[in-house]
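The values are calculated or read from the model by the stated rules, or taken from the named source; none is laboratory data. Predicted model, so just to flag it, every value in this text is computed and none were measured. Note that each Cβ is placed from the backbone with ideal geometry, even for glycine, and that neighbours are counted across all protein chains shown. In case anyone asks, the SASA skips ligands and DNA or RNA and just uses the protein heavy atoms, side chains included. Shrake-Rupley method; radii C 1.70, N 1.55, O 1.52, S 1.80 Å.
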Amino acid sequence: MDSCSKRGVSDGELVRVFNELHYSNGGEPMFDKYNGISIVAAGDGWAEGELEVSRHSLNPHGIVHGGALAALADTVGGAATFAAYRRGCVTVNYSMNFLRPAWGSNRKIRCRAQAVKLGRTLSVFGMSLTDDEGMEVASGNFTFYITGWMKSEEEKEPGAI
């Protein structure tokens, strides 16, 4: 049943499976896709993703909203956890440091998640978010609880989202 066993799965296959899971809402994009977030690379204990900056990503000051940056980091951390465990996860805790403005003139904000600790049920990842010029605009630490394999449409309870 697990199409991503630890052996013999390419980094590209990890990205494909993770992204496929995020369109499992009856073909409609889920939160990350709806908000311009995508995973572009992943491997054992790390992942990289991007936020496509749009006017919907900005706060009233023309800066990428801190919530958009946190959502990017959370999604990329979830992908890194998936890459490390080949199982689903939920966020337990996070802290973000906003280091400089991520101006709306940026086309993309990039995030890299790297494992700090991979435990039996909890994982911790360090995040670095950079702008188009490669300047770090935010960093953070995220803790994830490993839940198990993500349910397919057929396995979901009736009425579940």
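Each residue, residue 100 and residue 52, gets one label point 7 Å from its Cα in the Cβ direction; the gap between the two is 2.7 nm. In this label model, residue 132 and residue 30 are separated by 3.1 nm, measuring between points 7 Å along each Cα→Cβ vector.
Nonpolar atom fraction for region 47-150, defined as the carbon and sulfur part of the 1.4 Å probe accessible area, stands at 51 percent.
A Cα-only calculation for region 56-137 places Rg and Dmax at 13.6, 43 Å. Using R₀ = 35 Å, calculate the FRET efficiency as 1/(1 + (r/R₀)^6) where r is the Cβ-Cβ separation of residue 121 and residue 61; round to 0.05. For residue 121 and residue 61, the calculated efficiency is 0.30. Between residue 108 and residue 87, the simple label model (points 7 Å from Cα in the Cβ direction) yields a spacing of 3.2 nm. In whole angstrom, note down how far apart the Cα centers of region 95-111 and region 46-61 are. Answer, in whole Å: 8.
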